[in-house]
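J.: Once you've had a glance at the structure underneath, I'll fire off some questions.
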Amino acid sequence: MNEKLKRALRRVEKPARYAGGEFNRIVKNKADIDLRVALCFPDTYEIGMSNLGMRVLYDAANRIERVWCERVFAPWGDMDAEMRAAGIPLFALESGDDVRDFDIAAFSLGYEMAYTAALNMLSLAGLPLRSAERENLTPLVIAGGACCFNPEPMADFFDLFLIGEGEELNCELYELLRAAKADRLTKPEFLRRAAGLRGVYVPSLYGVSYNADGTVAGITPREGAPLPVVKRVAAGFVSSAAPSGAVVPSTEIVHDRAAIELLRGCIRGCRFCQAGYIYRPAREREPEKLAESGISALKASGYDELTLLSLSTSDHSRLLEVCDRLLEYCEPRNISLSLPSLRADNFSMELMSRVQRVRKSGLTFAPEAGSRRLRDIINKNVTEEELLNTCRIAFEGGWSSVKLYFMLGLPGETDEDVLAIAELSNRVLHTWRAHAKNKNRGVRIAVSTSCFVPKPHTAFQWSAQVPREEYSRRVSLLRENMRAKSVTYSWHDADTSFIEAALARGDRRLGAVLEAAHRRGGRLDAWGEYFNIGRWLASFEEYGLDPDFYACRERAYSEILPWSVVSSGVDESFLISENEAAKRGETTPDCRTKCSGCGARELCGEGVCYEGGLYG
Amino acid sequence: MGKSRLLMSKLGAAKYISHLDFMRTARRAFARAEIPLRCSEGFNPHPLMSFALPLSVGQESVCELLDFETAGEMPPDALRRLNAALPEGISAGELYEAGRKPGLLRWLEVEGRLYYDGGIPDGASEALGVFFASGSLVIRLKTKRGEQETDIAPRIRGAAFTDAGGGVIAARAVISAQNPTLNPDAIAAAAGAAGFAPDFAEWRRAEIYDEDMRVFR
């Protein structure tokens, strides 16, 4: 570690975040390496180290001989200032080497509000922000992750985007770059070659024209680039082992536990949920593989908690078997099992008895909307009876705290729907009064609402976000009607959701806005202490753009959507039929009950598409 | 099984691990080494282990004592297994049955490097030696009651300063380990009070002693 860094680390908060040296980190001999990858996460160490995608891709890349993949995270504000003052460029944790000397800087974009952090990392690395200004082949600056399903706002900055699952695609790209280095290709030559790889989007190979009203007039691919770029699905998920050798942080992170991915995709088809659409088709890992991976993850890490991750954990068809296999190992060792993302309609006594075996954590459910009517609109098919029944089971089982997540501003929401959240919370409280095992401890019901952000590739991708003032009015309405003392209500900030909505469905012209927001000091906008709405509004204004145009405008089906350059494998006609069904308040059955023919089945030869429903 | 004691080092990158995180790291290392620890009873069981003297973030040590109790027999190759399970910079040197209580630990020997970016001021090492031997070292020290003028001389048993070249003065001091404790950073602060404030200082715990200056294990 050099002297400058040592001095900086004496002055910053939580210096262990920048020191590296963690257990299980992968260090290779530079002499044996011909491709160096910097896996960059545009948020702090605590967030990035908790990210499952980072763990999966780090593992996949380092399995390749002669490739060394290292981790890079965004520094907190104090460290950012120290690095700039001392002239310490952004470095990778394993080797301490400068990111600008790597062959690839690969960013994970999972949250729109992290865009400025990604730009700031490029700036800290001493690299020009714009792809066009980086003439050399390396470092190639690329991005993947959920946000890349609308790559356009960040199109100016990245040389290419990897669309979909990265286990195979990332590695194919590394091989291609290694060959290009050997062949001494120029960057444009390499990019043309890369565009031929399924799932790769090279923005510089597409022209975008606009109508006078600001909507997209056309997207024109050049030099044989595909339109649309169809996302990749990693083959063989069902029978694969989950990566189990994750780096064990030496300082506390947000999700400080071993994690294995139970399911990929989701059978439910909630109409607002981008993950539910873009990770189709739904696939579940075999219980034997999960138990094996879970136990080896615990052995390799020494964690005392294992979490079973997925978009909807209780939808694994053999979850009890998975839990039992794992508990056999965990229980005698005081290791607890945690199951986030449980659904209120299939949480059972049997399941509860398994998650509370060692330590009892809180229970969280996401009814998303207060009324049946609105839940039908969004296709969140959980009934009030099911939710209350689940709460009864939990309260009888000794739980005394429940968290309930809702969204405000969903399409078709009325004041009655808002008030229904308060009523539902009260009914949960009544259920506790009627069924609690131990009333002396009291009950805590935490209700929180976020502002609905319409996302690309969902049934609601054409919908308008409610204006900020309207969201705030609904928050006040709900607050005034949340009277019970044991029910606490918290809500997300409307300003952040507004900018998130504008970026989520933005076009290429937002590149200039993002650059301006960074220039104005945007660093870690995902954090309340760094977010500043004024900076964003000024940046939009500087380029004559209106965030309302992106966030709060209802789009016509005929409009060319900026993100139509990318396909999730789900047909647009299916999304339209879902949006229309929402307007009629009709629900769509889950993929296991009946295949709704969304189109994603064509992407992959396994998973729920082949287990039942229409094709069964 | 009675209490066991581990003599550990914490060097390099590991010096940035805070005390609480060091506990967490040690706990996980025991789990990886498959040496089950005795746990507390109750709602949220946690392994029974403690460090003798919490170490400040940014300081190295070659003499950290960790007391713990195993749930079963201590495996004969426990030390090897633990070392294989510890992250970079942390190692376990000796494993033995815990004898005297850590409360009897009295003195701490520290090694420091005081950096002078503009070169060592003329005669600084000698002047510091004289200053530290003067019997009164009043500096502002953070205490429970806020920052206070404190004479730290009683907490320093001896201090020596030598030119190490390259703008660095090497310091070696024996200071009070606990009741009251003294953070070696106070030595750099006192050097400042003598008119020789370093631009940067780093410290390493070198040895621990009892009241009679016998090495404590």
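J.: In whole percent, how big is the carbon plus sulfur part of the accessible area of region B:4-99, probe 1.4 Å, protein atoms only?
T.: Whole-percent figure for carbon plus sulfur exposure: 54.
J.: By Kyte-Doolittle mean hydropathy of at least -1.0 and Cα axial length of at least 18 Å, which whole DSSP H helices of chain B are selected?
T.: B:19-32
J.: Name the lysines eligible as straight-distance cross-link partners of A:Lys289: C-alpha to C-alpha under 20 Å, and not fewer than 8 places from it in the same chain.
T.: Partners found: A:Lys299.
J.: If you plug each phi of region A:139-149 into the Karplus form 6.51 cos²θ - 1.76 cosθ + 1.60 with θ = phi - 60°, what whole-Hz ³J(HN,Hα) values come out, in order, with x for Gly and Pro?
T.: x, 6, 10, 10, 9, x, x, 4, 5, 6, 6
J.: Take every Cα pair under 8 Å in chain B that's 6+ residues apart, average their separations, divide by the length, and report that relative contact order as a whole percent.
T.: 26 percent
J.: Report the percentage of all Cα-Cα pairs in region A:3-228 whose separation exceeds 24 Å, rounded to a whole percent.
T.: In whole percent, the long-distance tail amounts to 43.
J.: If you don't mind, there's one more thing I want to ask. Under the rule that an exposed site lies in a DSSP loop and has at most 10 other Cβ atoms within 10 Å, name the longest stretch of chain B with no GluC sites (Glu not before Pro) of that kind, not counting the sites themselves.
T.: Counting only loop sites that pass the neighbour cut-off, the longest clear stretch is B:74-210.
J.: I'd like the Karplus ³J(HN,Hα) series for region A:435-443: coefficients 6.51, -1.76, 1.60, θ = phi - 60°, whole numbers in Hz, and an x wherever there's a Gly or Pro.
T.: Values, residue by residue: 10, 4, 6, 9, 6, 4, 6, x, 9 Hz.
J.: In Å, what Rg and Dmax follow from the Cα atoms of region A:515-591?
T.: Using the Cα atoms of region A:515-591, the pair Rg, Dmax is 17.9, 47 Å.
J.: Name the GluC sites (Glu not before Pro) in region A:189-267 that are in a loop by DSSP and that have at most 16 other C-beta atoms within 10 Å, would you?
T.: Here the sparse-neighbourhood loop sites are A:Glu223, A:Glu252.
J.: Could you work out what % of the accessible surface of chain A is carbon and sulfur, using a 1.4 angstrom probe and leaving DNA, RNA and ligands out of the count?
T.: 48 percent
J.: In debye, nearest 20, what is the charge dipole magnitude of chain B about its Cα centre with +1 on Lys and Arg Cβ and -1 on Asp and Glu Cβ, if you could check?
T.: In total the dipole reaches around 660 debye.
J.: Given the protein chains as shown and a 1.4 Å probe, how many square angstrom of A:Ser204 are accessible, to the nearest 10?
T.: Its heavy atoms expose roughly 60 Å² to the probe.
J.: Identify, among A:Pro332, B:Ala159, A:Gly48, the residue whose Cα sits farthest towards the positive end of the charge dipole of the protein assembly as shown, taking +1 on the Cβ of Lys and Arg and -1 on the Cβ of Asp and Glu, with the dipole about the Cα centre.
T.: A:Pro332
J.: Continuing with the same structure: Output the residues of region A:292-307 meeting this criterion: accessible area (heavy atoms, 1.4 Å probe) in the chain alone minus accessible area with all protein chains in place is 30 Å² or greater.
T.: A:Lys299, A:Gly302
J.: At 1.4 Å probe size, with every protein chain present, just tell me what the per residue accessible area of region B:12-168 comes to in Å².
T.: On a per-residue basis, region B:12-168 sits at 49 Å².
J.: What percentages, rounded to whole numbers, describe P(r) for region A:454-530 computed over all alpha carbon pairs with 5 Å bin width beginning at zero?
T.: Reading the bins upward from 0: 3, 12, 17, 18, 19, 15, 9, 5, 3, 1.
J.: What number results when the radius of gyration of region A:400-483, computed over Cα atoms, is divided by 2.2 N^0.38 Å?
T.: 1.31
J.: Once the piece of chain linking A:Lys439 and A:Tyr543 is laid out straight, how much longer is it, given 0.36 nm per residue of separation minus the C-alpha distance between them?
T.: 31.6 nm
J.: In addition: What is the spin-label model distance, in nm, from A:Arg11 to B:Glu211 if the labels are put 7 Å beyond Cα along the C-beta direction?
T.: The two pseudo-label positions are separated by 4.4 nm.
J.: So, one more: Sort A:Asp97, A:Asp315, B:Asp117 by accessible area with a 1.4 Å probe, largest first.
T.: Most to least solvent-accessible, the answer reads B:Asp117, A:Asp97, A:Asp315.
J.: Taking a probe of 1.4 Å and counting only protein heavy atoms, give the total accessible area buried between chains A and B in Å², rounded to the nearest 100.
T.: 2400 Å²
J.: Which of the pairs A:Lys455/A:Lys485; A:Lys439/B:Lys144; A:Lys14/A:Lys439; B:Lys15/B:Lys142; A:Lys4/B:Lys101 have their Cα atoms more than 32 Å apart in this structure?
T.: Over 32 Å Cα-Cα: A:Lys455/A:Lys485; A:Lys439/B:Lys144; A:Lys14/A:Lys439; A:Lys4/B:Lys101.
J.: What is the log10 of I(q)/I(0) for the protein assembly as shown, computed with the Debye formula using one identical point scatterer on each Cα and no solvent, at q = 0.08, 0.11 Å⁻¹?
T.: With one equal scatterer per Cα and no solvent, log10 I(q)/I(0) is -0.80, -1.37.
J.: Would you please state the base-10 log of I(q)/I(0) at q = 0.25 1/Å for region A:156-213, with intensities from the Debye formula using one equal scatterer on every alpha carbon?
T.: -1.06
J.: Could you run the Karplus curve 6.51 cos²θ - 1.76 cosθ + 1.60 with θ = phi - 60° over region A:328-339 and give me ³J(HN,Hα) per residue in whole Hz, x for Gly and Pro?
T.: With coefficients 6.51, -1.76 and 1.60, one gets 4, 7, 6, 4, x, 9, 6, 9, 9, 10, 10, 10 Hz.
J.: Then there's this: Return the residues of region B:74-115 for which accessible area with all protein chains present is lower than in the chain on its own by 30 Å² or more; set the probe to 1.4 Å and exclude ligands, DNA and RNA.
T.: Going by heavy-atom accessible area, the residues of region B:74-115 that drop by at least 30 Å² are B:Pro87, B:Glu88, B:Tyr115.
J.: Identify the chymotrypsin sites (Phe, Trp or Tyr not before Pro) of region B:1-102 meeting these criteria: DSSP loop state and at most 15 other C-beta atoms within 10 Å of the C-beta.
T.: Qualifying residues, ordered by number: B:Phe43.
J.: I'd like to know which of A:Phe102, A:Cys270, A:Ala74 lies farthest towards the positive end of the charge dipole of the protein assembly as shown, counting +1 on Cβ of Lys and Arg and -1 on Cβ of Asp and Glu.
T.: Farthest towards the positive pole: A:Cys270.
J.: I've got another one for you. How high is the FRET efficiency from A:Ser486 to A:Val254, r the C-beta distance, R0 30 Å, rounded to 0.05?
T.: E(calc), rounded to 0.05, equals 0.65.
J.: Another one. By what distance, in whole Å, do the Cα atoms of region B:105-209 stretch along each of the three principal axes, largest value first?
T.: 36, 28, 22 Å, listed from the longest principal axis down.
J.: Considering region B:4-99, what Rg and Dmax in Å follow from its alpha-carbon atoms?
T.: My reading of the Cα-based Rg and Dmax gives 12.7, 37 Å.
J.: What is the percent of Cα-Cα separations in chain B that go past 31 Å?
T.: So the portion of pairs separated by more than 31 Å is 28 percent.
J.: Trypsin sites (Lys or Arg not before Pro) within region A:410-519: which are DSSP loop residues with at most 13 other Cβ atoms inside 10 Å?
T.: A:Lys437, A:Arg483, A:Lys485
J.: A follow-up question, please. Using the heavy atoms of the protein chains alone and a 1.4 angstrom probe, what is the accessible area of chain A per residue in square angstrom?
T.: Using a 1.4 Å probe on heavy atoms only, each residue of chain A averages 37 Å².
The values are calculated or read from the model by the stated rules, or taken from the named source; none is laboratory data. Remember, it's a predicted structure, so these values are computed and weren't measured experimentally. Because the Cβ atoms are built from the backbone with ideal geometry, glycine has one as well, and the counts that use them run over all protein chains shown. Remember, those area values only see protein heavy atoms, side chains included, never the ligands or the DNA or RNA. Shrake-Rupley method; radii C 1.70, N 1.55, O 1.52, S 1.80 Å.
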